[in-house]
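Contents: one structure, followed by commentary.
The values are calculated or read from the model by the stated rules, or taken from the named source; none is laboratory data. Predicted model, so just to flag it, every value in this text is computed and none were measured. Every residue, glycine among them, receives a Cβ derived from its backbone with ideal geometry; neighbour counts consider all protein chains shown.
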Amino acid sequence: MRLLAALLCSVLAACTSVVEAPPPPINAPEPAQVASWATKTAQEAKIPEPLEVSPAHEGHALSLGPWVVCLRSTAPDHPQRYAVFFRNNDRVGYRIAVMIDRCGEETYAPLPK
């Protein structure tokens, strides 16, 4: 009888599910952090001033991060756009923008100092 009870408890324990807590939300970066990281990115990538940035928008599933801010120079000899990727307030990478970054569709404003 005890063997049967032990077997029944083992089977029932194997069928229970473990409920995991949902992951914490990933928030858009704060504007002050965007300005700071955009300035650092421009220095690293040698993007000439004056600089403009777009508002943060959600990145594509294949992006380097869940949030994207587009960065560009208004210098006439530098038409390239860059995508800067964020997870909360942390920059997780950047690259020359590609179509999935949607930097060509964004509105830009001067980078705050």
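Name, by its number, the condition in (1) closer than 13 Å to PRO110 by Cα; (2) under 12 Å from the mean Cα position of the chain (by Cα); (3) hydrophobic (A, V, I, L, M, F, W, C) that does not hold for LEU71.
Among (1) closer than 13 Å to PRO110 by Cα; (2) under 12 Å from the mean Cα position of the chain (by Cα); (3) hydrophobic (A, V, I, L, M, F, W, C), the lone unmet condition for LEU71 is (2).
So, of the residues in the stretch 36-52 that are part of a helix (DSSP H, G or I) and among the hydrophobic types (A, V, I, L, M, F, W, C), which turns out to be nearest to TYR108 (Cα to Cα)? Can you show your working first?
Of the stretch 36-52, the ones part of a helix (DSSP H, G or I) are 36-45.
Cutting the leftovers down to among the hydrophobic types (A, V, I, L, M, F, W, C) gives us 37-38, 42, 45.
Values: TRP37: 16, ALA38: 13, ALA42: 15, ALA45: 19 Å.
Looking at residues that are part of a helix (DSSP H, G or I) and among the hydrophobic types (A, V, I, L, M, F, W, C), I get ALA38.
From the residues in the stretch 91-113 that are of a type in the set (A, V, I, L, M) and under 18 Å from LYS40 (Cβ atoms), which one is surrounded by the fewest Cβ atoms within 10 Å (Cβ to Cβ)?
Of the residues in the stretch 91-113, the ones of a type in the set (A, V, I, L, M) are 92, 96-100, 109, 111.
Subsequent filtering for residues that are under 18 Å from LYS40 (Cβ atoms) retains 92, 96-97, 111.
Values: VAL92: 16, ILE96: 11, ALA97: 20, LEU111: 18.
The selected residue is ILE96.
Provide a single number: the residues in the stretch 45-104 that are closer than 15 Å to ASN27 by Cα and among the basic types (Lys, Arg).
Selection size over the stretch 45-104: 2.
Taking the stretch 53-89, which residues are of a type outside the set (Phe, Trp, Tyr), without any contact (Cβ under 8 Å) to a residue 60 or more places away in the chain and in a strand (DSSP E or B)? Please lay out each step first, then the result.
Of the stretch 53-89, the ones of a type outside the set (Phe, Trp, Tyr) are 53-66, 68-81, 83-84, 87-89.
Subsequent filtering for residues that are without any contact (Cβ under 8 Å) to a residue 60 or more places away in the chain retains 53-66, 68-81, 83-84.
Hits for the stretch 53-89 are VAL53, HIS57, GLU58, VAL68, VAL69, CYS70, LEU71, ARG72, SER73, ARG81, ALA83, VAL84.
Looking at the stretch 93-105, can you tell me whether even one residue there is modelled with pLDDT under 95 and assigned to a loop (DSSP other than H, G, I, E, B)?
no
Do you know which of the residues in the stretch 8-49 that are at pLDDT below 90 and of a type in the set (Gly, Ala, Ser) is farthest from the chain's Cα centre (by Cα)?
Looking at the filtered set, the residue picked out is SER10.
Can you find even one residue in the stretch 80-90 that is more than 19 Å from the chain's Cα centre (by Cα), surrounded by 11 or more Cβ atoms within 10 Å (Cβ to Cβ) and modelled with pLDDT under 95?
First, pick out the residues of the stretch 80-90 that are more than 19 Å from the chain's Cα centre (by Cα): 80.
If we keep only those that are surrounded by 11 or more Cβ atoms within 10 Å (Cβ to Cβ) too, we end up with 80.
If we keep only those that are modelled with pLDDT under 95 too, we end up with 80.
Yes, there is a match, as at least one residue in the stretch 80-90 is more than 19 Å from the chain's Cα centre (by Cα), surrounded by 11 or more Cβ atoms within 10 Å (Cβ to Cβ) and modelled with pLDDT under 95.
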